[in-house]
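S.K.: Handing you this structure, nothing more for now.
None of the figures in this text is laboratory data; all of them are computed from the coordinates on show. Every value quoted in this text rests on a predicted model; they were computed, and no experiment measured them. Cβ atoms come from the backbone with ideal geometry, glycine included; neighbour counts cover every protein chain shown.
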Amino acid sequence: MEPLRAIAKEVAENLPIHLLAVGVLVLLAHGAASVIHAFVSFVKLRGSFTLSGVWVGLCRLPNYPPGVEAVEIYRVVARGNQIDLSFFNYRPDVREIVKYEGAGVLRGQLLSAYYFVPRSGSSESGVFVLKLFGDNLNGVYAQYDARAGAKLVVSPEDEFALNRIALGAYGRLRLVFGLAPVKSHTEARALYDRVATTQVP
């Protein structure tokens, strides 16, 4: 009986370590499988057009002071015609960077999506419909502006536009982890101006 007790004691003492080791191995295997899946998807899609990427645009809402326009940086992930998106709103007059999340569907060249602020204390949300023109998305958005008497804001047709941008590896990595890609309106505006400048004939 003593040898069995000794073995049982040893197993009991080492069980947490074994479970930890198994857990780590499972996580590593899952991570490796995700990387392999992402690589295979990349190889299959290489050379194919996709909306996936980083986009930038301007935003104007009634609650903004006169002349103030925000810069928004979007991360778009396309899986077939299903779209996941998140974006960050940078205003020049406030330090807070507001994060939005949303989803949509791509039908032909039309992207229809909704977005919201993922905080329990915020009811801010909206929708937009955009049409693809080359590396640009143009269309309209509609949003009830809770900070301007719940006024319904509908942008003029084709005033709302997103442009694809090339973002550095560090900024892209921050977006993958749900973090703002740059730290200030000044940096965000520089990204927008760089794209806008290249589009001038």
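S.K.: Can you list the HN-Hα couplings for region 150-164, worked out from phi with the Karplus curve (6.51, -1.76, 1.60; θ = phi - 60°), rounded to whole Hz and with x for Gly and Pro?
M.R.: 6, 6, 6, 9, 10, 6, x, 4, 6, 7, 7, 9, 10, 10, 5
S.K.: Quick check: residue separation of His30 and Asn136 times 0.36 nm, minus the Cα distance between them. What number comes out in nm?
M.R.: Answer, rounded to one decimal: 34.6 nm.
S.K.: Just want the ordering: His185, His30, from fewest to most Cβ atoms lying within 10 Å of their own Cβ.
M.R.: So the ranking, lowest neighbour count to highest, is His30, His185.
S.K.: If you split all Cα-Cα distances of region 53-198 into 10 Å bins from zero, what percentages do you get per bin, shortest first?
M.R.: Reading the bins upward from 0: 11, 43, 38, 7, 0.
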